[in-house]
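Coordinate-derived values only; no laboratory data. Everything quoted here is computed from the prediction, not taken from an experiment. All Cβ positions, even for glycine, are placed from backbone atoms using ideal geometry, and neighbour counts span all protein chains on display.
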Amino acid sequence: MENNGAKIEEGGVSSKNKIDYDKLIDQFGCQRLDQSFVDRVFRLTGRSPHIFLRRNVFFPHRDLNEVLDAYERGDKFYLYTGRGLSSEALHLGHLIPFMFTKYLQEAFKVPLVIQLTDDEKCMWKNLTVEESKRLARENAKDIIACGFDVSRTFIFSDFDYVGGAFYENMVRVAKCVTYNKAVPSFPSSFPHLFSGNDKLCCLIPCAIDQDPYFRMTRDVAPRLGYKKPALIESSFFPALQGVSGKMNAGDPNSAIYVTDSPKEIKNKVNKYAFSGGQDSVENHRKYGANLEVDIPFKYLSFFLEDDEELEHIRKEYGSGRMLTGEVKKKLIWWKDTVQQGQRLLMRWSMRSWQLDHFQICSTESAGS
Ligand code: TRP
């Protein structure tokens with residue numbers, strides 16, 4: 001799909017211009033999330049709205065109000081999200097839906113299913129079955145490290161879980177469209193979790209490039225007598241090289257990975273993060289930074305919790321009083337960037353029993 005010269009496809013976006021999200025929402029036929037929704041989440045859960053809601057990282061949606069109406073009546077829902085295995089470890093952009101899903105799970109105290117589409121990657125990326133399964137376990141470690149509630153989370157890989165009621169739904173769906181990430185949108189695919197609860201609402205937090213798939217899922221649902229899943233979608237997270245770049249799994253320098261050490265993070269930010277600052281200090285003081293294209297500022301606006309500090313940077317940097325180096329330093333030392341790097345330690349200390357705690361169905365007993 002084309003938008004402002006941008007090409008939007010699964011796995012991201014490539015564009016020379018800024019994406020026009022208003023246009024995209026209209027092209028896709030999504031709804032926009034507004035302040036009254038944010039207030040409503042606050043009222044229903046008693047939790048302050050997540051930074052991704054406050055900063056409009058997640059704002060296109062489908063049928064979110066229905067999910068909240070049901071919740072208000074006392075009907076729970078479940079969350080569903082997933083991951084294809086494009087890399088050995090997750091990067092900051094991959095983490096966005098998972099961080100947000102963790103917040104939703106905690107705020108609403110609802111069950112969550114996470115699909116790892118290892119079969120797809122095996123078929124389309126020319127990986128062996130064994131390698132795809134290994135990647136699924138590696139990725140599961142990063143996902144678990146986001147801090148999901150063990151008692152409410154079911155992580156599964158297609159290779160391990162597809163069978164029984166799930167496979168029956170796969171075949172039902174395949175008669176209409178051919179892809180399998182529709183199936184977890186229907187509670188009857190998980191009889192051990194939602195038996196007798198076939199009308200349970202499903203809410204899918206995901207990046208906006210997934211919308212076309214779930215639009216098809218929503219088309220198929222009534223034909224099978226199932227409820228349409230609701231969606232809440234995030235905008236794109238830019239590559240280090242700039243808002244027009246696409247994070248590329250093949251280029252480790254295009255993103256910050258959870259396995260990067262603090263030193264690697266520092267090096268990547270200093271060397272590769274695209275700056276909207278001017279080419280000389282004199283010009284910078286005179287014209288200020290272009291915050292629309294500045295990556296250190298963009299990253300901070302996704303993650304820096306403190307609204308006042310962000311506002312301060314916006315003013316000082318935008319007017320040229322603050323230099324790019326200072327903003328980069330803030331990003332490097334933003335405690336969570338370093339923490340993402342520290343997830344490495346958690347990954348290695350993750351034993352297989354911890355993976356199994358999340359009911360990863362696996363026949364392997366890898367001790368890593
Ligand atoms: N196809 C997605 C990818 O390649 C993975 C995925 C499966 C997913 N189910 C999902 C993503 C549900 C979001 C929501 O990344």
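Would you mind giving the three semi-axes, in whole Å and largest first, of the ellipsoid equivalent to segment 2-239 according to its Cα gyration tensor? Could you put the intermediate results ahead of the total?
Working: eigenvalues 121, 104, 70 Å².
For segment 2-239, the semi-axes come out at 25, 23, 19 Å.
Taking other Cβ atoms within 10 Å as a rough exposure proxy, Ile51, Ile232 sort from fewest to most as Ile51, Ile232.
With the simple spin-label model, which puts each label point 7 Å out from Cα in the Cβ direction, the Asn126 to Arg73 separation comes to 5.2 nm.
Roughly speaking, what is the stretch gain from Ala174 to Asp198, that is 0.36 nm per residue apart minus the C-alpha to C-alpha distance, in nm to one decimal?
6.7 nm
Net charge within 12 Å of Lys268 by Cβ-Cβ distance, Lys/Arg positive one each and Asp/Glu negative one each, not counting Lys268 itself?
Numbers: positive: Lys263, Lys266, Lys271, Lys328; negative: Asp251, Asp260, Glu264.
Residues near Lys268 contribute +1 overall.
Counting beta carbons within 10 Å around each of Ile144, Ile19 and listing the fewest first gives the order Ile19, Ile144.
For a quick check: sort Val67, Val110 by the number of other beta carbons within 10 angstrom, fewest at the front.
Working: Val67 23, Val110 19.
Fewest to most other Cβ atoms nearby, the residues stand as Val110, Val67.
Grab the eigenvalues of the alpha-carbon gyration tensor for segment 147-200, scale each by 5, take roots, and send me the semi-axes largest first in whole angstrom. If you can, show how the numbers build up before the last one.
Details: eigenvalues 82, 37, 20 Å².
The equivalent ellipsoid of segment 147-200 has semi-axes of 20, 14, 10 Å.
Under the criterion of Cα pairs below 8 Å and six or more residues apart, the relative contact order for segment 2-239 equals 23 percent. Between the alpha-carbon centres of segment 176-227 and segment 119-161 there is a gap of 19 Å. Summing +1 for each Lys or Arg and -1 for each Asp or Glu among the other residues whose beta-carbon sits under 11 angstrom from that of Gly320 gives +2.
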